[in-house]
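> Please see the structure below; I have some questions.
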Amino acid sequence: MPYFKNQEGYNLYYENINSDSKNCTIILLHGFASSASFFKSQIKILKNNYRILAFDALGHGRSDHPKEVNLSKNLRYDIIRDLEDLLKHLDINEQYGIIGHSLVGGMIAQLFTMKHPEKIKFLILMNSGYIIIDNVIRNIFYNLLPYDIRMNFLEIVANSIEHILDKTIPFIITALSDSLEGIKLTKDELFMKIEEQIFNMINEINEFDPSHINCPTLIIGGRLDNFAPEQMSEELHKKIPNSILKIIDMAGHFAPAQRSEKVNEYIMSFIKKLV
C-alpha cells in the first residue's frame, strides 16, 4: 500500500488511482473520523474516466495515529500542508477538481480552493457547511448540540455561548477523560483551554468568507442531515457565486454512501460539463 511521510515524520496512506489517465485529476477529502474508503461508491464510477487522488488524514484510516492527543491542534492546517506535499510528491501540477465531504472535508476543500484558486478546476461539497470543527474539542462540542441549534448555529450560539458552555464543558471533559491521562492541566486550565477553542471556533466562522470561491461549485445536501443541516448547504449556495445546489430527499449526513446512485448522478453530470 502506498504511503508518504509528512513533515512531522508520520506515514500517511494515499490512493493514486488511474494515474496514467490524461483526463482531469480529482482529489477526495474525507470528514472527521472517516477515511478515503468512505468514497468507494464515488471512486467506482469516477475511476473509469479520471485520475483519483485520496488520502487518509493523520490519525484517520490507515495513516499513522499519534499516541498523544493535542487538544489545541487544529487539523486543517496540517491537512492542507500534507495535501500540498502529496501533490508535490506525485508531481501533480495541472488543474484538478476537489470533492470534500462533511464539515471537515468540505471546509478543507473550501480553504484549499481559496488558497490555490489557479489550481482548482471545480469544487464539489457534500454534506458540508461553514463550521470549522477540526479538532477533538470542537468535534465533541458540536456533537453535543441539538439539531435546532445546529440549524441556526451562529445566531443561537453567539447569543447564548456562556450558557451553552456551562452545559457542555462537563460532558466534553468526560469524553476526553482517556486522552487527558498524562496531560498536566489543572481543572481551571482545562476549562480555559476548552473555552478558548470554542470562542476561536465562533470567531473563525464569522471571519470565514466562501464568497471568494470563484470556480464552478456543486453543493449537495441531505434533507435529513442532522449533522450539517440543509440550511448550511443553502447558505453556502448563497455565498459561493458560481454554485449549483442539490438537496436530496431521504438522505442524511452520509448521503454519498446512503444515496450513492443519486449523488453520483449529480457529480458525473456536473463534471462532464466542465472537463
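The values are calculated or read from the model by the stated rules, or taken from the named source; none is laboratory data. Here the structure is a predicted model, which is why all the values come from computation and not from measurement. So basically every Cβ, Gly included, is an ideal-geometry build from the backbone, and we count neighbours across all protein chains shown.
> Have a look at 167, 246, 262, 238 and point out the one that is at pLDDT 90 or above, assigned to a helix (DSSP H, G or I), surrounded by 16 or more Cβ atoms within 10 Å (Cβ to Cβ) and of a type outside the set (Gly, Ala, Ser). Give the steps one after another, and end with the answer.
Working: 167 fails: surrounded by 16 or more Cβ atoms within 10 Å (Cβ to Cβ); 246 fails: assigned to a helix (DSSP H, G or I); 238 fails: surrounded by 16 or more Cβ atoms within 10 Å (Cβ to Cβ).
Going through 167, 246, 262, 238 in turn, the sole match is 262.
> Out of the strands (runs of 3 or more DSSP E) lying entirely within the stretch 40-128, which hold 3 or more residues that are hydrophobic (A, V, I, L, M, F, W, C) and either touching a residue at least 60 places away in the same chain (Cβ under 8 Å) or more than 22 Å from residue 215 (Cβ to Cβ) (or both)? Steps first, answer last, please.
On the way: elements: 51-55, 96-101, 120-126.
Per the criteria, 120-126.
> Okay, next question. With the checklist (1) touching a Leu at 6+ places or on another chain (Cβ under 7 Å); (2) crowded, with 18+ Cβ neighbours inside 10 Å in hand, flag the one item residue 80 doesn't pass.
(2)
> Looking at 232, 201, which is the one that is within 20 Å of the chain's Cα centre (by Cα), assigned to a helix (DSSP H, G or I), farther than 19 Å from residue 169 by Cβ and at pLDDT 90 or above?
Numbers: 201 fails: farther than 19 Å from residue 169 by Cβ.
Going through 232, 201 in turn, just one is within 20 Å of the chain's Cα centre (by Cα), assigned to a helix (DSSP H, G or I), farther than 19 Å from residue 169 by Cβ and at pLDDT 90 or above: 232.
> Of these, 178, 85, which one is among the charged types (D, E, K, R), at pLDDT 90 or above and more than 29 Å from residue 230 (Cβ to Cβ)? Write out each step before concluding.
Working: 178 fails: at pLDDT 90 or above.
Result of the check over 178, 85: 85.
> Which number in (1) buried (at least 24 other Cβ atoms within 10 Å of the Cβ); (2) out of contact with any Lys or Arg (no Cβ under 6 Å at 6 or more places or on another chain) marks the one condition that residue 97 misses?
For residue 97, the exception is condition (2).
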